[in-house]
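Report on the structure given below.
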Amino acid sequence: MGALVMSKAITIDGKSVSFIDGQTIMDAALAAGVYIPHLCHNPEFEPHGNCKLCIVSVNGRNMTACTMPAAEDMVVASDTPELDSDRQALVQMLFVEGNHICPACEASGNCQLQAAAYYLKMLSPHFMHFYPPREVDASHPDIFLDLNRCILCELCVRASREVDGKNVFGISGRGIGTHLVVNAASGRLGDTNFAVTDKAAQVCPTGAILIKRQGYKIPIGQRTFDHKKISEVQMEPAKRTEPEHE
Amino acid sequence: MTFALETAAHPENLKRIVIEPVTRVEGHGKVTLLMDEDNRVHQARFHIVEFRGFEKFVQGRPFWEVPVLVQRLCGICPVSHNLAACKAMDMIIGATVPVAADKLRRLMHMGQILQSHALHFFHLSAPDLLFGFDAAVGKRNIAGIVAAYPDIARQGVGLRRYGQEVIRLTSGKRVHGTGVIPGGMNKNLSLDERDYLLKEIDQIIAWSQAAVELIKMIYSERPDFHNGFGFYRSSFMSLVREDGALDLYHGGLRARDEHGQTIFDHVDYTHYWDYIHEEVKSWSYMKFPFIRARGREQGWYRVGPLARINNCDFIPTGLAEAERKIFKEFGGGSATQATLAYHWARMIEMLHAAETIQELLHDPDLQSDDLVSNGERQLRGVGVIEAPRGTLIHHYRINEDEQIVRANLIVSTTHNNQAMNEAVRQVALQYLDGQQLTEGLLNHIEVAIRAFDPCLSCATHAIGKMPLEVELMDAAGTLIQRLIKDSDGQCRA
Ligand code: SF4
Ligand code: FES
């Protein structure tokens with residue numbers, strides 16, 4: 001029997017949270033049942049730090065919890081009015097940068113962007129809508145890709161590369177011109193080896209990657225976020241990427 | 001083509017009068033009159049801008065999304081668009097909708113008929129009908145009805161609310177529900193929901209009967225006036241069931257001319273374009289459909305409650321059928337042509353809807369779980385229903401990737417376009433010709449338009465309350481008379 005391993009700890013909002021080396025603040029928080037809002041993070045994949053929703057204050061400096069390794073005695077603030085207001089502004093920007101029309105979107109009720117907006121008490125988009133012209137790609141027999149709703153979280157990019165070993169998706173462009181691309185000479189999803197059973201087909205937090213012909217088969221009122229907050233759903237990681245189709 | 005008063009021979013010397021309601025998104029309607037020095041009417045037109053851009057907007061969208069998208073077309077009868085689009089999508093996925101889903105959709109549709117007809121009659125038309133077309137403006141609204149006829153007002157509210165409850169429980173939401181999906185339904189009606197609706201249905205039928213009695217009483221007090229107001233003859237078109245019965249959800253198209261002769265019957269609506277064409281006119285954004293066999297000039301027709309009650313051979317529910325017979329007798333055994341008879345026909349339909357709801361609620365199929373089907377993919381889908389205001393056609397074409405490439409919608413109000421113009425002209429001739437304009441006279445025009453319950457959303461559903469401005473100018477463009485009606489219904493110069 002070896003010596004007892006002294007567990008290391010950080011504090012989040014005054015609560016002591018233990019961690020093991022290699023864990024990020026987000027990992028430690030989720031393991032301890034402490035919720036930090038997030039969109040582009042999914043514990044099944046390498047963290048990327050794209051959405052910045054997981055912003056926390058570490059010893060007085062703002063960092064993304066999903067990428068910041070936990071270190072002994074860190075003092076982390078997350079649940080503060082200032083940070084929540086920053087997070088709300090980030091979500092509002094995501095709404096106006098794309099074309100997110102919830103009443104006309106079949107992902108409504110299953111969408112993490114929408115759920116995050118509710119969680120952060122967002123009442124209006126606040127900023128001026130960009131109404132960017134974005135592509136839709138219906139060339140794949142089982143998947144409909146609607147870039148109007150892409151928030152560039154790169155979960156599909158990571159899932160395709162890390163889990164499916166296919167590298168179907170990528171990111172191209174810079175700044176406001178950043179966009180999701182399909183790795184095929186034609187740029188069309190129908191010309192890749194993407195399959196509806198791929199992990200990458202199940203991870204999109206919004207309605208950008210849709211399994212065709214599902215629509216409203218699951219009634220409004222019986223959808224993931226109809227009765228649960230995003231904080232509850234994201235605290236049970238196994239649930240979050242469950243396929244919605246039979 | 002030339003219709004009397006559609007285009008003045010010498011417009012250059014005439015005064016132009018515009019009745020222009022300010023409207024919300026769905027549509028924008030206005031009436032223009034050209035009059036000479038002596039206030040004689042030379043031209044009368046009812047113009048509508050409606051659904052612009054929708055047919056373009058859905059291009060590229062996946063077909064299964066469309067039934068929900070189309071509900072945004074119209075805040076007034078989203079259920080009708082939802083159902084018509086889904087019927088088109090049933091065809092696209094090659095589905096034969098399971099019996100239970102068909103009945104649930106019918107139930108939802110009857111809820112929509114009930115609430116829409118109740119709203120139109122009690123809130124929008126009863127003030128005109130009960131107080132007179134030129135009664136004091138302050139009184140001629142729903143508040144006036146509540147004060148003078150509290151029981152009638154209460155029943156109107158109750159009928160409407162019940163219809164909305166039927167919609168909520170079948171579609172999953174009070175507005176813009178998603179219960180109807182291509183191939184069927186995504187939910188059934190639970191026993192609790194059924195019992196909740198059954199509790200009140202006897203009352204709803206009784207109130208619907210009272211509404212029919214009320215319109216009959218109003219009508220028979222001054223039969224000549226009600227028959228003569230904005231009178232003209234026209235053809236009628238509607239869906240009928242295979243056996244000729246009234247069916248608001250499904251059937252074949254039947255058209256009869258102004259003398260009651262059949263133009264076509266039991267036409268498969270998936271080929272409607274072989275029978276109906278649409279003409280575009282420079283002065284209106286709304287197309288003018290006409291029956292091909294009769295040509296542009298004779299081919300226009302009316303749709304909606306009056307067309308349906310005239311066209312069907314019988315109504316498959318007892319109380320409404322008895323009322324249909326009285327209605328028919330009143331018309332001397334042939335089709336009733338009177339513009340205001342729309343109201344009467346509408347109430348008979350409301351009674352039919354209430355009876356049908358009762359019948360359906362007792363059907364155990366509504367609790368079935370066999371709700372969706374699928375089949376072989378087609379590239380084209382047509383869905384037609386009889387919406388509260390009349391025949392509603394949705395037509396879509398998709399590509400191999402399942403995206404909409406073309407959409408064509410002919411909504412009830414579009415079918416009635418020429419007919420509403422005709423009504424406006426008749427009323428202008430009967431009541432405005434040679435007269436100094438007053439609010440009461442202008443309201444006569446609105447009354448004629450309102451009989452059709454046209455869906456310009458706020459332009460009609462709030463017509464009595466909406467700001468309305470009428471200007472009379474001479475040929476040189478100088479303002480002679482202006483009348484402004486505020487949203488509280490008060491008129492000022
Ligand atoms: S398509 Fe979906 S999963 Fe992929 S980057 Fe966009 S939002 Fe993220
Ligand atoms: S969750 Fe950390 S940056 Fe998106």
_Test: residue in the stretch A:46-64 that is over 20 Å from A:Ala116 (Cα atoms), under 15 Å from the mean Cα position of the chain (by Cα), within 16 Å of ligand 1 (Cβ to nearest atom) and not assigned by TED's automatic domain parsing to the domain that holds A:Gln112_ = yes
*Across the stretch A:155-178, what is the total count of residues that are touching a helix residue (DSSP H, G or I) at 6+ places or on another chain (Cβ under 9 Å) and either under 26 Å from B:Trp64 (Cα atoms) or of a type in the set (Lys, Arg) (or both)?*
7
_Residue check for B:Ala341: touching a Ser or Thr at 6+ places or on another chain (Cβ under 6 Å) and either farther than 19 Å from B:His250 by Cα or surrounded by 16 or more Cβ atoms within 10 Å (Cβ to Cβ) (or both)_ = no
_Considering residues of the stretch B:127-152 that are under 17 Å from B:His343 (Cβ atoms) and part of a helix (DSSP H, G or I) only, the residue modelled with the lowest pLDDT_ = B:Ile142
*Would you confirm whether any residue within the stretch B:387-395 is touching a Leu at 6+ places or on another chain (Cβ under 6 Å), surrounded by 24 or more Cβ atoms within 10 Å (Cβ to Cβ) and over 28 Å from B:Leu191 (Cβ atoms)?*
yes
*Give, as residue ranges, the strands (runs of 3 or more DSSP E) completely inside the stretch A:1-81 that count at least 1 residues that are more than 16 Å from ligand 2 (Cβ to nearest atom), more than 30 Å from A:Cys156 (Cα to Cα) and open to solvent by less than 10 Å² (accessible area, probe 1.4 Å).*
A:8-12, A:15-19
*Filter the stretch B:430-448 down to the residues that are small (Gly, Ala, Ser) and assigned to a helix (DSSP H, G or I), then identify the one that is modelled with the lowest pLDDT.*
B:Gly440
*Tell me, yes or no, whether the stretch B:453-476 has at least one residue that is charged (D, E, K, R), in a helix (DSSP H, G or I), modelled with pLDDT under 75 and crowded, with 16+ Cβ neighbours inside 10 Å.*
no
*Are any residues in the stretch A:203-214 under 16 Å from the mean Cα position of the chain (by Cα) and either within 16 Å of A:Val136 (Cα to Cα) or within 14 Å of chain B (Cβ to nearest Cβ) (or both), and if so, which ones?*
A:Cys204, A:Thr206, A:Gly207, A:Ala208, A:Ile209, A:Leu210
_Elements of type strands (runs of 3 or more DSSP E) in the stretch A:168-227, at least 2 residues being within 18 Å of A:Ala107 (Cβ to Cβ) and in the same structural domain as A:Asn148 (by TED's automatic domain parsing)_ = A:209-211
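Let's see how each residue does on (1) away from every other protein chain (no Cβ under 14 Å); (2) among the polar types (S, T, N, Q); (3) within 16 Å of ligand 2 (Cβ to nearest atom); (4) in contact with a helix residue (DSSP H, G or I) (Cβ under 7 Å, 6 or more places away or on another chain):
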residue	(1), (2), (3), (4)
A:Ala115	yes, no, yes, yes
A:Tyr118	yes, no, no, no
A:Met122	yes, no, no, yes
A:Met128	yes, no, no, yes
A:Tyr131	no, no, no, no
A:Arg134	no, no, no, yes
A:Ala138	no, no, no, no
A:Phe144	no, no, no, no
A:Cys153	yes, no, yes, no
_Checking the conditions here, which among A:Ala185, A:Ala195, A:Ala200 is away from ligand 2 (no atom under 16 Å from the Cβ), away from chain B (no Cβ under 14 Å) and open to solvent by 60 Å² or more (accessible area, probe 1.4 Å)?_
A:Ala185
*Where in the stretch B:244-342 are there strands (runs of 3 or more DSSP E), lying fully within it, with 1 or more residues that are in contact with a helix residue (DSSP H, G or I) (Cβ under 7 Å, 6 or more places away or on another chain) and modelled with pLDDT under 95?*
B:276-279, B:288-291
*Kindly list, by first and then second residue, each pair from a residue in the stretch B:433-446 that is open to solvent by 20 Å² or more (accessible area, probe 1.4 Å) to a residue that is part of a helix (DSSP H, G or I), limited to pairs with Cβ atoms under 7 Å and residues at least 6 apart or on different chains.*
B:Gln435/B:Leu441; B:Leu441/B:Tyr431; B:Leu441/B:Leu432
_Candidate set from the stretch B:105-159 (those that are buried (at least 20 other Cβ atoms within 10 Å of the Cβ) and of a type in the set (Lys, Arg)); member that is nearest to B:Ala320 (Cα to Cα)_ = B:Arg106
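The values are calculated or read from the model by the stated rules, or taken from the named source; none is laboratory data. Since the model is a prediction, treat every value here as computed from it, not as a measurement. Cβ: placed from backbone, ideal geometry, glycine included. Neighbour counts: every protein chain shown. Keep in mind that these areas ignore ligands, DNA and RNA; they rest on the heavy atoms of the full protein, side chains included. Shrake-Rupley method; radii C 1.70, N 1.55, O 1.52, S 1.80 Å.
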